[in-house]
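In what follows, a single structure is set out as structure tokens and then discussed.
The values are calculated or read from the model by the stated rules, or taken from the named source; none is laboratory data. This is a predicted model, so every value here is computed, not measured. Every residue, glycine among them, receives a Cβ derived from its backbone with ideal geometry; neighbour counts consider all protein chains shown.
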């Protein structure tokens, strides 16, 4: 992966997302910036599976566009899982890998811990992502 140099407001937002606090520094090292983005997964609950198709298709289009723009990195992937937690109807949950942070923010996904691979399937991205991320 290529190093990323972030400055000003962009890095302040990244640090706020990661730590919960803004920083006063205008620049942060490439290593630290990439570490911030590589640790944060994102989650989006689309709700009832019977009603989630349109929203799921829109998100998939956004992901595919970002994936192509970034020249198809294997770490840029979204996973999907149907979860019921004892309810009658299951909900569609999308997990965005850290490299999809911009898409995740665009769809108002929230930061989360890395999901368990149990029951996940790839919504969009490379099959090689399994080895790269799990």
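Can you name the strands (runs of 3 or more DSSP E) wholly within region 73-124 that have at least 3 residues being touching a residue at least 40 places away in the same chain (Cβ under 8 Å) and under 13 Å from residue 49 (Cβ atoms)? It would help to see each step written out before you state the result.
Working: elements: 78-83, 91-96, 110-112, 121-124.
Qualifying strands (runs of 3 or more DSSP E): 91-96.
If residue 70 meets every condition in (1) under 24 Å from residue 116 (Cβ atoms); (2) within 18 Å of the chain's Cα centre (by Cα) apart from one, which number is that one?
(1)
Report whether or not residue 38 is assigned to a helix (DSSP H, G or I), at pLDDT below 90 and either more than 17 Å from the chain's Cα centre (by Cα) or more than 17 Å from residue 111 (Cα to Cα) (or both).
Numbers: assigned to a helix (DSSP H, G or I): yes; at pLDDT below 90: yes; either more than 17 Å from the chain's Cα centre (by Cα) or more than 17 Å from residue 111 (Cα to Cα) (or both): no.
Criteria not met by residue 38.
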